Each structure stands twice: as structure tokens, then as C-alpha cells.
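Asks: Got a structure here, written out as C-alpha cells. Questions coming.
The values are calculated or read from the model by the stated rules, or taken from the named source; none is laboratory data. Quick caveat, the model's predicted, so the values are computed rather than measured. Heads up, the Cβs are rebuilt from the backbone with ideal geometry, glycines too, and the neighbour counts pull from every protein chain shown. Heavy atoms of the whole protein, side chains included, go into the accessibility calculation; ligands, DNA and RNA do not. Shrake-Rupley method; radii C 1.70, N 1.55, O 1.52, S 1.80 Å.
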Amino acid sequence: EEEFDAIGVPFVERGRRTDDGVAALRALWSQDQASHDGEFTSFRDCILRPQPVDGTVPVHVGGHTPVAAARAGRLGDGFFPASGDHARLAELFAIVRATAEEHGRDPEAIELTTGGNGAVGSGALAEVEALSELGVDRVVVPAFLFWGNPEEDLARYGDEVITPSRS
């Protein structure tokens, strides 16, 4: 909230501003002469070059609340609650999927990402498998795991966790 105070933007508007900003960006990415008339952003016949090759850039919604999960289901290409136990993640992912369906979107097309603090040590493979069962597509593993010798540590993590989970 203090970051919003520092720039003079009401914290309570953050969600509506995000929705409007995503709509404005998607207009710019997909229209030759883009127009958008939103609550916070408006423009007419604006040209953006270069445009993304596929007409869009994936938008991953971060957050760990039901509101963030619903936003991801409504307009996101992905959802990233950085943390949460399995029960909480399952609740949030269910909100993403239900909201996507309510808005005529394919819930399976929304990528699910989470932090990998539990995907370390001897329990790493089991944790990655459990997250996969929840529908997680991507696990972000904390960088501090690889401070000793990054090349060796990443190779070992790949051999012990990533490769077996793909088998």
C-alpha cells in the first residue's frame, strides 16, 4: 500500500487499474491502429511497433487472494500465487478454473505457477509431483538454492528433480 501512496494512486483502485491496463495493452498488441476507452487509460488510433508475433504477450496474474485468482480466470494467461500450502493453492486454482468457465474461457489454457520453497532437498521430487497433481505447470525454485556452485547445483537439481518428474 505504501508504494501506491508514494505515487499518489489509491490502493483500492489497483484491481480496476490492472484490468484496464491489461485491456489497453491487449488493444495495442492486437490492433494496427489501437483504440481503448477505459476508466484509467484512453487512446485513439495509436500505433505500436513492433507488435508481438502472435498478437499478444502472455499476462500472468500474481497474487494469493481469491480476487487475484478470479482476475486470472477472467483475463489472465497464467496465475502465480508465490506461496501457499497445497490446500490453499487448490482453493485458488479452483477459483481460476471456475471463473474462466464463467467467462467462456478454457480453464486448462491458463498456466499455473507457484513458488518452489518446498521443492528442495530430499523431498523435492515428491513436492513437485504433488504440485503437478494440483495442476501446477511451473515451479519457481528460489535462487538461494544455487549460491554455492550454481552450475553443479542446477545440474544436480535437474538430475534429481526435473528429469524424474518428466518420466
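Asks: Per residue of segment 123-136, in order, report the coupling 6.51 cos²θ - 1.76 cosθ + 1.60 (Karplus, θ = phi - 60°) as ³J(HN,Hα) in whole Hz, putting x for Gly and Pro.
Replies: x, 4, 4, 4, 5, 4, 5, 5, 5, 4, 4, 6, x, 5
Asks: Which residues make up the longest stretch of the chain clear of chymotrypsin sites (Phe, Trp or Tyr not before Pro) that lie in a DSSP loop with no more than 14 other Cβ atoms within 10 Å, not counting the sites?
Replies: Longest stretch, sites excluded: 41-146.
Asks: If you roll a 1.4 Å probe over segment 79-137 with all protein chains in place, what percent of the accessible area is carbon or sulfur?
Replies: Roughly 49 percent of what the probe reaches on segment 79-137 is carbon or sulfur.
Asks: Tell me, what is the Rg over Rh of segment 1-94, with Rh the Kirkwood radius over Cα pairs?
Replies: When Rh is taken as the Kirkwood radius, the ratio is 1.04.
Asks: Let me ask another. So, with +1 on the Cβ of K and R and -1 on the Cβ of D and E, and no other charges, what is the size of the charge dipole of the chain about its Cα centre, to the nearest 20 debye?
Replies: With Lys and Arg at +1 and Asp and Glu at -1, about 320 debye.
Asks: Here is a further query. What residues have an amide H closer than 5 Å to that of Val59, excluding those fewer than 5 places away on the same chain, when H is modeled at 1.01 Å from N in the peptide plane?
Replies: Long-range HN contacts for Val59: Asp77, Gly78.
Asks: Right, another one. Projecting each Cα onto the charge dipole of the chain (Lys/Arg +1, Asp/Glu -1 at the beta carbon, about the Cα centre), which of Phe79, Val53, Val141 comes out farthest on the positive side?
Replies: The residue sitting most towards the positive pole is Val53.
Asks: What's the Cα-based Rg to Rh of the chain, Rh via Kirkwood?
Replies: 1.05
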